[in-house]
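Report on one structure; see the data block that follows.
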């Protein structure tokens with residue numbers, strides 16, 4: 001049982017490049033979300049999804065896109081990377097209609113130069 | 001804007017001592033208050049959680065105290081151990097709806113000295 005799998009673990013991008021952070025879960029969780037973690041800022045919600053085909057914005061959505069074509073996968077796309085997007089990104093999943101605790105992935109450390 | 005305020009930002013405790021981390025919230029529609037523990041290089045993991053109809057919940061050395069009237073809740077770690085050294089996040093969930101969206105505090109870095 002893998003839980004929540006994030007790839008890649010580390011990535012360096014040049015300003016203006018695009019990339020996709022992958023997130024997959026095998027727990028049949030309806031709810032999935034992306035957070036970014038920055039020093040002194042805690043975990044801030046970027047986008048979330050309550051099921052396949054349904055996504056919504058969180059607290060800091062600008063510069064990021066998401067889609068949810070299957071229950072298992074919830075990729076996060078950076079359209080044109082900026083140094084301000086240097087951060088550690090976490091994907092989390094849970095059952096909906098909670099409250100339920102989240103299962104987090106191990107994170108992707110992204111550096112934009 | 002942050003709706004859950006967490007303090008202190010960092011905390012140093014001697015082995016065997018009590019670690020106390022505090023959180024305050026403004027939105028009275030929150031209905032679930034979990035705490036997460038994060039070790040370096042890892043994702044956060046659920047530690048303990050409480051609902052607002054309960055004033056205290058204890059699991060081993062970890063206790064949540066909840067004060068609904070003051071809109072505050074805190075994590076107490078009794079007999080703190082070096083293995084408890086980690087970052088701790090409080091969180092709160094908005095009431096109702098079909099989502100399980102959590103708002104997190106800014107985190108507390110705990111160091112337990114041997």
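The values are calculated or read from the model by the stated rules, or taken from the named source; none is laboratory data. Since the structure is predicted, the reported quantities are computational estimates derived from the model, not experimental observations. As a convention, Cβ positions derive from the backbone with ideal geometry for all residues, glycine included, and neighbour counts pool all protein chains shown.
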Among the residues of segment B:43-55, what is the count of those that are free of Cβ contacts under 8 Å to residues at least 40 places away in the same chain and in a loop (DSSP other than H, G, I, E, B)? 6
Would you check if there is a residue in segment A:39-56 being surrounded by 15 or more Cβ atoms within 10 Å (Cβ to Cβ), facing chain B (nearest Cβ under 9 Å) and farther than 25 Å from residue B:40 by Cβ? yes
Taking strands (runs of 3 or more DSSP E) that do not extend beyond segment A:1-107, which have at least 3 residues that are under 12 Å from the mean Cα position of the chain (by Cα)? A:4-7, A:19-25, A:31-38, A:42-51, A:64-66, A:76-78, A:87-94
Being out of contact with any helix residue (DSSP H, G or I) (no Cβ under 9 Å at 6 or more places or on another chain), without any contact (Cβ under 8 Å) to a residue 12 or more places away in the chain and either facing chain B (nearest Cβ under 9 Å) or at negative phi (or both) narrows A:75, A:61, A:83, A:99 down to just A:99
The listed residue being away from chain B (no Cβ under 13 Å), farther than 20 Å from residue B:100 by Cα, out of contact with any helix residue (DSSP H, G or I) (no Cβ under 7 Å at 6 or more places or on another chain) and at pLDDT 95 or above, out of A:12, A:66, A:88, A:112: A:12
Quick one: in segment B:56-79, which of the residues that are loosely packed, with under 14 Cβ neighbours inside 10 Å, at pLDDT below 95 and in a loop (DSSP other than H, G, I, E, B) is farthest from the chain's Cα centre (by Cα)? B:69
